[in-house]
Amino acid sequence: MDYFIHLAILFSIYGILALSLNLVVGYTGLISLAHAAFFGFGAYATAISMTKFGTNFFLSVLIGMVVAASLATLIGIVLSRLKGDYYTLGSLGFNLIAWSIFINFEQLTRGPLGIPGIPRPQFFGIHFSDNFSFLLLTLVFLALVYALSRFVVTSSFGRVLKAIREDEKAIQIFGYKTQNYKLLIFVIAGALAAIAGSLFASYISFIDPYNFTINESVFMLSIIILGGLANVRGALLGALFLVLLPEFLRFVGFPPDIAAQTRLVVYGLMLVILMLYRPQGLLGEYKL
């Protein structure tokens, strides 16, 4: 039972990441590889504030969101002036800078040694020490992020985002300052990704810079492409599929000597086949 609860917690955390990244990539058409950086800043904000200053978990989540939103504003001002491949490369550069900060700013992050002993949340005497109660907490956060995402994409603001994706120049003719819209959704997505980082840090109780590499950003991007761009349910479906698939492959019965390598091959092959025959993802409206 603990194993399934563990998978459900991972699904909830990656579901939050997928929902937030889908606002930028799916609805606005901006391919960002910076999401692992915001995930990391949220995790480090919680880890540092809880272990060094004894801050309450929920306050540390707010700190992480403020830190991530502030950094997203700074980098977003630059990125919102870019388009297409240049936007993607700019976001990739930010992820690399963030990773460099995590591994070199040893006074705060302990560098490659990471930060151990991150405690579980407490709220008015309720201690989320066991995995089942922690799962309930992550589901509450997932539901809040889902509701916020639905609100954003069904609002007039969300319709402008989709118009930017379809034809940015056309909507500029009507007087919309698209740079402001692109910046704001980037900041919102960064702040939401920080929530997932805080939950991840508290759940695993240990973080290091290798949790937030560019590979993690590619994995998040794979989730929303697989589930379907510009679809909030697709983002969750993609997270569910990619969290469960590697676990399912553990039980296929590959020879022990090559089991790990074979699982990776099968995992990659299934993704390639899906992209060949369903390039818009499982529930998506757009191709990448």
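The values are calculated or read from the model by the stated rules, or taken from the named source; none is laboratory data. As the structure is a prediction and not an experimental result, all values here were calculated from the model. Because the Cβ atoms are built from the backbone with ideal geometry, glycine has one as well, and the counts that use them run over all protein chains shown. For the accessible areas, the whole protein counts, side chains as well, though only heavy atoms, and no ligand, DNA or RNA atoms are used. Shrake-Rupley method; radii C 1.70, N 1.55, O 1.52, S 1.80 Å.
Below is a table of values for the structure above.
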| item | result |
| --- | --- |
| Out of Leu249, Leu264, Leu221, sole residue that is among the aliphatic types (A, V, I, L, M) and at pLDDT 75 or above | Leu221 |
| First in the stretch 19-41 and under 17 Å from Asp85 (Cα atoms) and small (Gly, Ala, Ser), second anywhere and open to solvent by less than 10 Å² (accessible area, probe 1.4 Å) and assigned to a loop (DSSP other than H, G, I, E, B), Cβ under 8 Å, 6 or more apart | Gly26/Gly228; Gly26/Ala230 |
| Contacts under 6 angstrom Cβ, first residue in the stretch 159-181 being closer than 19 Å to Val78 by Cα, partner assigned to a helix (DSSP H, G or I) and open to solvent by 40 Å² or more (accessible area, probe 1.4 Å), 6 or more apart | Thr178/Gln172 |
| Leu21 vs. criteria touching a His at 6+ places or on another chain (Cβ under 6 Å), within 22 Å of Pro209 (Cα to Cα) and aliphatic (A, V, I, L, M) | yes |
| The stretch 36-74: number of residues that are over 20 Å from Asn215 (Cβ atoms) and either open to solvent by less than 50 Å² (accessible area, probe 1.4 Å) or assigned to a helix (DSSP H, G or I) (or both) | 27 |
| Residue that is in contact with a strand residue (DSSP E or B) (Cβ under 9 Å, 6 or more places away or on another chain), closer than 18 Å to Gly281 by Cα and touching a residue at least 24 places away in the same chain (Cβ under 8 Å), where the choices are Leu244, Leu240, Leu229 | Leu229 |
| Helices (runs of 4 or more DSSP H) lying entirely in the stretch 76-187 (those with 2 or more residues that are polar (S, T, N, Q) and under 25 Å from Asn231 (Cβ atoms)) | 84-104, 131-154 |
| Subset tally (residues that are closer than 25 Å to Pro121 by Cα and of a type in the set (S, T, N, Q)) for the stretch 55-87 | 4 |
| Filtered residues of the stretch 187-221 (kept if crowded, with 24+ Cβ neighbours inside 10 Å and more than 12 Å from the chain's Cα centre (by Cα)) | Ala201, Ser202, Ile207 |
| Flag if Gly175 is open to solvent by less than 10 Å² (accessible area, probe 1.4 Å) and of a type outside the set (D, E, K, R) | no |
| Some residue of the stretch 87-94 being touching a residue at least 24 places away in the same chain (Cβ under 8 Å) and loosely packed, with under 15 Cβ neighbours inside 10 Å | no |
